[in-house]
Amino acid sequence: MRGTALALVVIGIAPAASALGEPPAASFLWFPTAPKVGEAVTLASTATDSASPITGLAWDLAGNGAFAEGGPIVGTTFSIPGDHLVQLRVTDAEGRSAIASETIKVGLPVLTLMEPFPVVRFVASESGSGVTLHLLSVEAPKGTRVTLVCRGRGCPVRLEDRVAASTGPGAVTVRFRRFERRRLAAGVVLEIRVSKSGEIGKYTRLLIRHRKPPRRADECVEQMAAAPIACPA
């Protein structure tokens with residue numbers, strides 16, 4: 001009887017995906033969900049891993065790919081409005097990692113009206129082809145910036161920039177004495193701004209006219225260098 005050759009066939013069985021382990025599921029939430037510029041934002045990881053514990057978290061708060069190690073909860077702020085990319089990278093005990101990317105929409109800050117609202121006062125009398133100012137003052141809250149810009153021929157100074165500072169309670173009176181008891185020619189324009197970050201301030205424009213009282217215009221302003229806006233109703 002002749003020998004019979006036996007062929008041994010080994011059938012490989014691939015391990016199930018659950019045996020290999022899936023990478024972690026990266027995700028996160030943020031509060032408030034619609035932040036404003038300068039507002040504190042809290043980011044919280046909601047990442048999970050069914051096969052291995054999560055051992056590492058790294059955040060990219062600037063959206064430029066520069067991850068920094070952190071905990072499950074981190075805080076940040078955004079200095080400009082618009083869409084901001086934020087990323088979270090999570091790593092499990094087996095070295096597997098995943099990245100979650102979200103776009104956070106950041107809005108402009110909600111400004112409040114300055115309180116007490118500034119008051120600009122002036123007293124003037126006709127003088128030749130212009131006027132003589134006897135009083136030019138601003139009553140403003142402490143800590144505000146008061147700026148006067150003079151345009152035209154014969155300005156005593158082109159710019160005065162003050163901070164309303166006082167140790168006492170209530171508003172502060174800022175006087176522009178260089179403009180008092182001085183004749184200003186027709187055509188000169190005085191612009192006064194009272195501003196403070198995060199608040200709606202005061203804008204007053206005085207146009208010196210020939211043989212007429214100065215023409216006054218009062219509006220509001222959001223920041224020192226900004227164009228004036230209509231005051232809220």
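The values are calculated or read from the model by the stated rules, or taken from the named source; none is laboratory data. Keep in mind it's a predicted model, so treat the numbers as computed, not measured. Here the Cβ is made from the backbone with ideal geometry for all residues, glycine too, and neighbour counts use every protein chain on show.
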### Message
Given the condition among the small types (Gly, Ala, Ser), in contact with a strand residue (DSSP E or B) (Cβ under 9 Å, 6 or more places away or on another chain) and more than 17 Å from residue 185 (Cβ to Cβ), answer yes or no: does some residue in the range 123-140 qualify?
### Response
yes
### Residues within the range 112-137 that are acidic (Asp, Glu), in a loop (DSSP other than H, G, I, E, B) and closer than 18 Å to residue 208 by Cα, tallied
0
### Selected residue (criterion: modelled with the highest pLDDT) from residues of the range 151-182 that are crowded, with 16+ Cβ neighbours inside 10 Å, of a type outside the set (A, V, I, L, M, F, W, C) and farther than 22 Å from residue 227 by Cβ
180
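Can you tell me which residue is nearest to residue 123 (Cα to Cα) among those in the range 208-232 that are hydrophobic (A, V, I, L, M, F, W, C) and over 24 Å from the mean Cα position of the chain (by Cα)?
Here the residue is 208.
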